[in-house]
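Undergrad: I have a structure I would like to understand better, so I am pasting it below and will then ask my questions one at a time.
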Amino acid sequence: MKNITLSALFFIISISLFAQENEPKQNELKINMSNLIGFKWLDFGYERILNEESSIGVGTLFSLDNESEGLDEYRTFSITPYYRQFFSNKYAQGFFVEAFTMLHSGNDYNYYSNLGPYDTLVEEKYTDFAVGISVGGKWVTKRGFVAEVYAGIGRDLLNQSDIEVVGRGGVSIGYRFQ
């Protein structure tokens, strides 16, 4: 009786392990390396695969250096939910188009003239909301390593800062898992 119980238990465990390996992996964690290297932004994300051709996700960005200059230099924080539609025969990878929204905040710097020899530089904080679209490509290895390249543009809707257009893009690496 003990052997039958152990055999049945071993059989059930084997089937459940085999079934889990055949199920597609549904979750991804990623970090945007180009934003980290180029802008000193910590930009990481989570993506949930809905089916073989679509996914939803969210990216979060934090500025690590308030003194950096360049493209979109004033942004210090953003949270970006998105929806992706893939155009490939492979499971949730290949070329994609993405619709996104972005809630972002940062610092604007404005000069004010005092009618004297010196101008005054005033730092003003802002929070704005943008909608946009991106395109890109994603590649996934059999073991779950993810690499993606994407670029997009969005328009601010609340006019809370001097920035009217926001950028979204980069080169991300990560891992796809159950």
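The values are calculated or read from the model by the stated rules, or taken from the named source; none is laboratory data. What you see is a predicted model; the values in this text were computed from it and never measured. Cβ: placed from backbone, ideal geometry, glycine included. Neighbour counts: every protein chain shown.
Undergrad: Identify, from the list THR80, THR76, the residue that is assigned to a strand (DSSP E or B), within 21 Å of ILE37 (Cα to Cα) and modelled with pLDDT under 95.
TA: The conditions single out THR76.
Undergrad: Filter the range 139-154 for residues that are more than 12 Å from HIS104 (Cα to Cα) and assigned to a strand (DSSP E or B) and give the result.
TA: Step one: of the range 139-154, the residues more than 12 Å from HIS104 (Cα to Cα) are 139-153.
Scanning the range 139-154 gives TRP139, VAL140, PHE145, VAL146, ALA147, GLU148, VAL149, TYR150, ALA151, GLY152, ILE153.
Undergrad: For the range 123-152, what are the residues that are within 14 Å of the chain's Cα centre (by Cα) and either under 17 Å from TYR83 (Cα atoms) or among the hydroxyl-bearing types (Ser, Thr, Tyr) (or both)? If you could, list the steps in order and put the result at the bottom.
TA: Restricting attention to the range 123-152, the residues satisfying the condition of being within 14 Å of the chain's Cα centre (by Cα) are 132-138, 146-152.
Passing the criteria: GLY132, ILE133, SER134, VAL135, GLY136, GLY137, LYS138, GLU148, VAL149, TYR150, ALA151, GLY152.
Undergrad: Check PHE100, PHE129, PHE145 and return the single one that is in contact with a Gly (Cβ under 6 Å, 6 or more places away or on another chain) and modelled with pLDDT of 95 or more. Lay out the reasoning, then the answer.
TA: Details: PHE129 fails: in contact with a Gly (Cβ under 6 Å, 6 or more places away or on another chain); PHE145 fails: in contact with a Gly (Cβ under 6 Å, 6 or more places away or on another chain).
Among PHE100, PHE129, PHE145, only PHE100 is in contact with a Gly (Cβ under 6 Å, 6 or more places away or on another chain) and modelled with pLDDT of 95 or more.
Undergrad: For the subset of the range 155-168 comprising residues that are in contact (Cβ under 8 Å) with a residue 60 or more places away in the chain and either assigned to a strand (DSSP E or B) or at positive phi (or both), which member is farthest from the chain's Cα centre (by Cα)?
TA: VAL166
Undergrad: Show the residue pairs meeting these rules: Cβ distance below 9 Å; 6+ apart or different chains; first residue within the range 121-140 and farther than 19 Å from ILE49 by Cα; second residue acidic (Asp, Glu) and loosely packed, with under 14 Cβ neighbours inside 10 Å.
TA: Qualifying pairs under 9 Å: TYR126/ASP162.
Undergrad: Hey, another quick one. (1) surrounded by fewer than 13 Cβ atoms within 10 Å (Cβ to Cβ); (2) modelled with pLDDT under 90: which one isn't true of PHE87, the others all being true?
TA: (2)
Undergrad: At pLDDT below 95, hydrophobic (A, V, I, L, M, F, W, C) and surrounded by 14 or more Cβ atoms within 10 Å (Cβ to Cβ): is that true of LEU71 in this structure? Even if it seems obvious, please write down each step before you answer.
TA: On the way: at pLDDT below 95: yes; hydrophobic (A, V, I, L, M, F, W, C): yes; surrounded by 14 or more Cβ atoms within 10 Å (Cβ to Cβ): no.
In short, no.
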